[in-house]
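This report refers to the structure that appears directly beneath it.
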Amino acid sequence: MESTRVDRWLWAVRLTKTRSDAAAACRGGHVRVNDRPAKPATTVSPGDEVRARVGDTTRIVEVVRVIQKRVGAADAATCLIDRTPPPPPPTDVAAPVARRERGAGRPTKRERRVLDKFRTGLL
C-alpha cells in the first residue's frame, strides 16, 4: 500500500475524531496536501506534507507511513512527524486584581500594607 485517501488517513492517525469530520474539513478548504487544497479523495503517500486546521490550530504533519484502518494511539503516532510550530506565548496577560471577600469587613493593618504594595506595583 503506497497511498490512501487523505480523509481516511487523517481519521486513521487520529487528527480528526471521525472520517466524516475529515471529509468535511477537506470540503471546507481546511486541509492542504503539499500546499495544494485537498478534496477528500486526494491521495497521500509517504513524504507528503499535510496541513489540517483542527479546532483553532493548524497541524502540519509529514506522512511517514500510510495506513487505512484506525489503530492505537501509539501506532498512529509512528505514522506521522508533527512539524506544527509551538503556539506563541500569551501576550495579553491580565493583571491580577486585588479583591477581598464580600462582607469581610475592614482590612487589617497587615492586609492594608499588602494591598498598598500591590497597588504601587511593588508586589
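The values are calculated or read from the model by the stated rules, or taken from the named source; none is laboratory data. Please read these numbers as outputs of a predicted model, since none were measured by experiment. As a convention, Cβ positions derive from the backbone with ideal geometry for all residues, glycine included, and neighbour counts pool all protein chains shown. When the accessible area is computed, the model is the full protein with side chains, heavy atoms only, and any ligands, DNA or RNA have been set aside. Shrake-Rupley method; radii C 1.70, N 1.55, O 1.52, S 1.80 Å.
Figures for the structure shown
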read-out: Label-point gap, in nm, between A76 and D56 - each point 7 angstrom along Cα→Cβ; value: 2.2 nm
read-out: Carbon plus sulfur fraction of accessible area for segment 1-69, probe 1.4 Å, in percent; value: 45 percent
read-out: Dipole moment magnitude, nearest 20 debye, segment 16-102 about Cα centre, only Lys, Arg, Asp, Glu C-beta charged; value: 360 debye
read-out: Pairs of lysines in the chain (C-alpha under 21 Å apart; 8 or more residues apart or interchain); value: 4
read-out: Solvent exposure of segment 10-123 as accessible area per residue, Å², 1.4 Å probe; value: 74 Å²
read-out: From the coordinates shown, mean projected area of the Cα convex hull in nm² corresponds to which of (1) 12.6; (2) 7.0; (3) 8.1; value: (1)
read-out: Listed peptides 72-84, 102-114, 39-51, 20-32 by packing density, highest first (mean Cβ within 10 Å); value: 20-32, 39-51, 72-84, 102-114
read-out: Total formal charge among the other residues, if their Cβ is under 15 angstrom from that of V13, Lys/Arg +1 and Asp/Glu -1; value: +4
read-out: Rounded Å value of the spacing that divides the Cα centres of segment 1-45 and segment 47-70; value: 8 Å
